[in-house]
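**Student:** Structure in structure tokens, see below.
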Amino acid sequence: MEFKNKEAVPGGIYFIVLPSKKYFEIILTDDQNFSLETDTTDFIRKTKISGSDENKFFYEYLNYLLDKQKLLEPIQLKLK
């Protein structure tokens, strides 16, 4: 899909919600010309971004959190 507007929209974090109720997030800044490619089977791991360092860093951070969450799962099971 492509979003076009004559004027820039306010910066911030936006949710792209699909009919299936699945969603992913993007960050909009002053430079709103970028592309994002993803796969609905795994939005975070399979997202590829070009033209937006903010979104690139954001998805690197989300992947980092997923990695740390996987390390935490065995510990949480032991605590239960």
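The values are calculated or read from the model by the stated rules, or taken from the named source; none is laboratory data. Worth saying up front: this structure is predicted, and the values here are computed from it rather than measured. Note: ideal-geometry Cβ built from the backbone for every residue, glycine included; neighbour counts use all protein chains shown. Accessible surface is based on the protein model in full, side chains and every heavy atom, while ligands, DNA and RNA are left aside. Shrake-Rupley method; radii C 1.70, N 1.55, O 1.52, S 1.80 Å.
Each row is one residue, and each column tells you yes or no for (1) in contact (Cβ under 8 Å) with a residue 60 or more places away in the chain; (2) out of contact with any Phe, Trp or Tyr (no Cβ under 8 Å at 6 or more places or on another chain); (3) not in a helix (DSSP H, G or I).
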position: 4; (1), (2), (3): no, yes, yes
position: 7; (1), (2), (3): no, yes, yes
position: 13; (1), (2), (3): no, yes, yes
position: 20; (1), (2), (3): no, yes, yes
position: 36; (1), (2), (3): no, yes, yes
position: 39; (1), (2), (3): no, yes, yes
position: 49; (1), (2), (3): no, no, yes
position: 58; (1), (2), (3): no, yes, no
position: 61; (1), (2), (3): no, yes, no
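**Student:** Further question on the same structure: So which residues in segment 8-41 are over 14 Å from the mean Cα position of the chain (by Cα) and at positive phi?
**Tutor:** Within segment 8-41, just 21 meets the criteria.
**Student:** If you go through segment 57-80, how many residues are under 22 Å from residue 26 (Cα atoms) and open to solvent by less than 90 Å² (accessible area, probe 1.4 Å)?
**Tutor:** 7
**Student:** Looking only at residues in segment 3-34 that are more than 23 Å from residue 60 (Cα to Cα) and not hydrophobic (A, V, I, L, M, F, W, C), which one is least open to solvent (accessible area, probe 1.4 Å)?
**Tutor:** Of everything passing the filter in segment 3-34, 20 is least open to solvent (accessible area, probe 1.4 Å).
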